[in-house]
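The values are calculated or read from the model by the stated rules, or taken from the named source; none is laboratory data. Owing to the predicted nature of the structure, the values given are computational and were not obtained by experimental measurement. Glycine gets a Cβ as well: all are built from the backbone with ideal geometry, and neighbour counts include every protein chain shown. Only protein heavy atoms, including side chains, enter the accessible area calculation; ligands, DNA and RNA are left aside. Shrake-Rupley method; radii C 1.70, N 1.55, O 1.52, S 1.80 Å.
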Amino acid sequence: MKHVDIAVIGGGPAGLCAAISGASSGAKVLLMDRSEKLGGQLIKQTHMFFGSEKQYASVRGFDIADILLDKLNEYKDNIEIMNNTNVLGLYEDGVITIERNEKYEKIKPKSIVVATGASEKVLAFPNNDLPGIYGAGAVQTLMNVYGVKPGKRVLMVGAGNIGLIVSYQLMQAGVEIAAIIDASPTIGGYLVHASKIRRMGVPILTSHTVKEAIGRDCLESAVIWKLDENWNPIDGTEQEIETDVMCISVGLSPLSELLQQAECKMKYIPELGGQTVLRNENYETSVEGIYVAGDVSGVEEASSAMVEGYLAGLCAAQKIGFKHKNYNELKEDYIKQLESLRSGPIGHHIRSGIEKVMGV
Amino acid sequence: MRIQNHPILNFEKGEEIKFYFDGKQISAFKGETIAAALHAAGVKVLGKSLFKHRPRGFYCAIGNCSACSMVVNGEANVRTCVTMVQEGMIVETQKGKGEIL
Ligand code: FES
């Protein structure tokens, strides 16, 4: 059994920041990630970020990953990195089991930050399992990380920020977008993104959904139809769209299996993506010593994930006796940054979701 | 279908290698996943579902969903979207659950 001060599960934006924060407080941190390369989903983000300077606004996602990795490197004496590592279990007694290089190992940390992120939701319609129907994030990985086009003509389902951004990136890669559809009567993503795409000649059809996918071995076309004001499909409004790739971008849900296994209290909170873990303002869950950060604690943006990571890492270290010399100032600053990221009308549903997770 | 020109990204490809998909030789680049290499070669069907034998392709491409399971060097249920392709690798369409041992 391996002993460490803080174990961080997941090396995306939240996990990287939690590791940096814990290590800068003086704790020995073990950072685990299932991939070869750290950075999580930042490595496929070619667009510039929103938020403020502190969360690297106007910097492209993959460059933010490099900035965080450089910072991580400053604390290399305090951080051990295990990549290509699958965390298999998180037990009631705080033991973590992992698989690495085809070997099974056990780890006993003093505190834990779970930063496992989120997974893409699926949409129910006939033939939704045909090859050619992919999560929008999958398509982004394929083209931005591996330089492979997903296909020739894409139907994007979902006009939230991910749907809009991935559509734009598909066009940058030279792929045609047949249309972007969304079941909601309004566009969910930022209007700057939507107008940019519309100017490029792509129709964005609101109040539309998929009726069925058609194809023998792979997707060949899709039938969409219009929804009335009660979200019921209207007969006779069907349109068949020729497409070899359908991207599903209908939201994410927290990847919370490890937290559930550790018996952290959960609650169904649609605003935050589904089953969400309850926590306090330090991002500690109902199980003492288990902290969360990033999308697993409620689906938001990468900018808030980073700040949550810093905050959770800071608190997880303090809990076990490694209090950062600027603990109070830092904590106050992180809380302020989160408040400002969640302010205004856009942050409304996040704020109402967070009210429901608080208090363990 | 590989991206040739990109306004932001520069794809630095690894060394060219060969692997086998259902007995057919396919070329790929070191540092890419099996699923990406197959997709670039036009292969979208990676497996057949357990009961209805419906075609299966990848879905999440980051290791979350297991839709991309294939038989790799004789081992079933390998998530090909997060497994790097290697010279001489033998990759096969997975039918159903695959043999565990
Ligand atoms: S496509 Fe989801 S695990 Fe590979």
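Listing for the model above:
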{"quantity": "Residue selected from region A:215-240 under the condition outside any loop (DSSP other than H, G, I, E, B) and over 30 Å from the mean Cα position of the chain (by Cα), by the criterion nearest to A:ILE350 (Cα to Cα)", "calculated": "A:PRO233"}
{"quantity": "Qualifying residues in region B:51-69 (those that are within 24 Å of B:LYS18 (Cβ to Cβ) and free of Cβ contacts under 8 Å to residues at least 24 places away in the same chain) - the one farthest from the ligand (Cβ to nearest atom)", "calculated": "B:GLY57"}
{"quantity": "Odd one out for A:HIS324 among (1) part of a loop (DSSP other than H, G, I, E, B); (2) surrounded by fewer than 19 Cβ atoms within 10 Å (Cβ to Cβ)", "calculated": "(2)"}
{"quantity": "Matching entry among B:GLU32, B:GLU12 (being away from the ligand (no atom under 11 Å from the Cβ) and touching a residue at least 12 places away in the same chain (Cβ under 8 Å))", "calculated": "B:GLU32"}
{"quantity": "Top-ranked residue in region B:70-81 [being under 11 Å from the mean Cα position of the chain (by Cα) and surrounded by fewer than 22 Cβ atoms within 10 Å (Cβ to Cβ); ranked as nearest to the ligand (Cβ to nearest atom)]", "calculated": "B:VAL78"}
{"quantity": "Single unsatisfied condition, A:GLY147 versus (1) open to solvent by 10 Å² or more (accessible area, probe 1.4 Å); (2) without any contact (Cβ under 8 Å) to a residue 60 or more places away in the chain; (3) within 14 Å of chain B (Cβ to nearest Cβ)", "calculated": "(1)"}
{"quantity": "Test result for A:ILE241, surrounded by 14 or more Cβ atoms within 10 Å (Cβ to Cβ), in contact with a helix residue (DSSP H, G or I) (Cβ under 7 Å, 6 or more places away or on another chain), at negative phi and of a type outside the set (S, T, N, Q)", "calculated": "no"}
{"quantity": "Those residues of region A:108-159 which are under 30 Å from A:GLU92 (Cβ atoms), modelled with pLDDT of 95 or more and either of a type in the set (D, E, K, R) or touching a Lys or Arg at 6+ places or on another chain (Cβ under 6 Å) (or both), in sequence order", "calculated": "A:LYS108, A:LYS110, A:SER111"}
{"quantity": "Filter result for the condition that a residue is touching a residue at least 12 places away in the same chain (Cβ under 8 Å), open to solvent by 30 Å² or more (accessible area, probe 1.4 Å) and at the interface with chain A (Cβ under 7 Å from one of its Cβ atoms), over B:LYS48, B:LYS97, B:LYS44", "calculated": "B:LYS44"}
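Rundown of residues vs (1) part of a strand (DSSP E or B); (2) more than 14 Å from every other protein chain (Cβ to nearest Cβ); (3) open to solvent by less than 40 Å² (accessible area, probe 1.4 Å), yes/no style:
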site	(1), (2), (3)
A:GLY94	no, yes, yes
A:ILE98	yes, yes, yes
A:TYR104	yes, yes, no
A:ILE112	yes, yes, yes
A:LEU130	no, no, yes
A:TYR134	yes, no, yes
A:ALA138	no, no, yes
